[in-house]
1. Jot down the per residue volume, in cubic angstrom and as a whole number, of the convex hull over the alpha-carbon atoms of the range 169-216.
2. Going by how many other Cβ atoms sit within 10 Å of their own, how do His228, His130, His191 line up, fewest first?
3. Going by amide H atoms built from the backbone, whose H comes under 5 Å of the H on Leu123, apart from near neighbours?
4. Give me, ordered by chain and number, the residues 5 or more places off Glu144 or on other chains with an amide H under 5 Å from its own placed amide H.
5. Can you flag which of Lys83/Lys252; Lys71/Lys145; Lys142/Lys252; Lys71/Lys168; Lys142/Lys194; Lys83/Lys192 are past 32 Å Cα-Cα?
6. Which ordering of His31, His246 is given by a fewest-first count of other beta-carbon atoms within 10 Å?
7. Residues of the range 168-202 with the amide nitrogen closer than 17 Å to a label point 7 Å from the Cα of Glu212, along Cα-to-Cβ, please.
8. What ranking do Thr105, Thr175, Thr219 get, fewest neighbouring Cβ atoms within 10 angstrom at the top?
Amino acid sequence: MGSPFIEMYFSYLCTLFCIPTDYEPRTICEHLQYLFALLQNSNRRYIDPSGLVKALGLDTGQQQDAQEFSKLFLSLLEDTLSKQKDPNLQNVIQQQFCGQFSYVTVCNKCGRESPLPSRFYELELNIQGHKNLTECVTEFLKEEKLEGDNRYYCESCQSKQNATRRIKLQSLPRTLNFQLMRFVFDRQSGHKKKLNTFISFPEVLDMGPFLEGKEEECTYELSAVLIHRGVSAYSGHYIAHVRDAHTNDWYKFNDEEIEKMEGKKLQLGIEEDIVYLIAYPYLHCS
């Protein structure tokens, strides 16, 4: 499947049971349980997810990048699980992956503050001009000036005024996903191009300093990295690196080829350093 994080995303949904040889899952939830029961208990080298893909009604002939597929996949699962009778399943997607921020606009003349709350399932980060993940997050949250033709209409002043706007992080999900925006539009060519900028990222990430109004440590531990191999924004190949939460060993998932990486550290070679998506499960807040 297109998303490299599926195993990490839904491993806790898997119910351990003995699978009859004639078992045929019917609902999406049954397909999901069946898939992860096989992942956890089977001796197969890889598991074919085509049953779940068919149950979700996904078009396998439609080409999508990993981010597009991830959004579609989570949306379909969220819609399906919200209709389940079990209350523990209804909000599983939101509880695991959904955070909230606000677009806050402040009028320079009267000081009126206008917040616009919004949910997110991943943070999309610009990488141009940056060297590491912290710089990217800092720019994502930086203040923007609304001036000239881009002035803000203030309800209190009843006129367009110069203003500032920034994103304020209100809450973070249990699993925090970052998308590095490597595919950008090139005005000269009129096409998308791929940015090969190297971005470093920590094994342990403290998001506390970025949370609005909270002076506390909020720690996440690196658990999955998706890289894009290829020179073009229109083609290429995705390879996932996922950490086993129990042993801390890293595994490389390259289609049906699954390889345990040497040592317990994530090691990306020169060719594979084009990181596209990063996943950080929550450790603790204090």
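Read the figures in this text as sums done on the coordinates, not as results from a lab. None of these values were measured; they are calculated from a predicted model. We place every Cβ from the backbone using ideal geometry, glycine too, and count neighbours over all the protein chains shown.
1. 130 Å³
2. Going from sparsest to densest Cβ surroundings: His191, His130, His228.
3. Asn177, Phe178, Gln179
4. Here the answer is Arg165, Arg166, since their amide H atoms fall under 5 Å of that of Glu144.
5. In this structure, Lys83/Lys252; Lys142/Lys252; Lys83/Lys192 lie more than 32 Å apart at Cα.
6. Ascending number of Cβ neighbours within 10 Å: His246, His31.
7. Within reach of a label on Glu212, which here means backbone N under 17 Å from a point 7 Å along Cα→Cβ, the range 168-202 contributes 168-173.
8. Going from sparsest to densest Cβ surroundings: Thr219, Thr105, Thr175.
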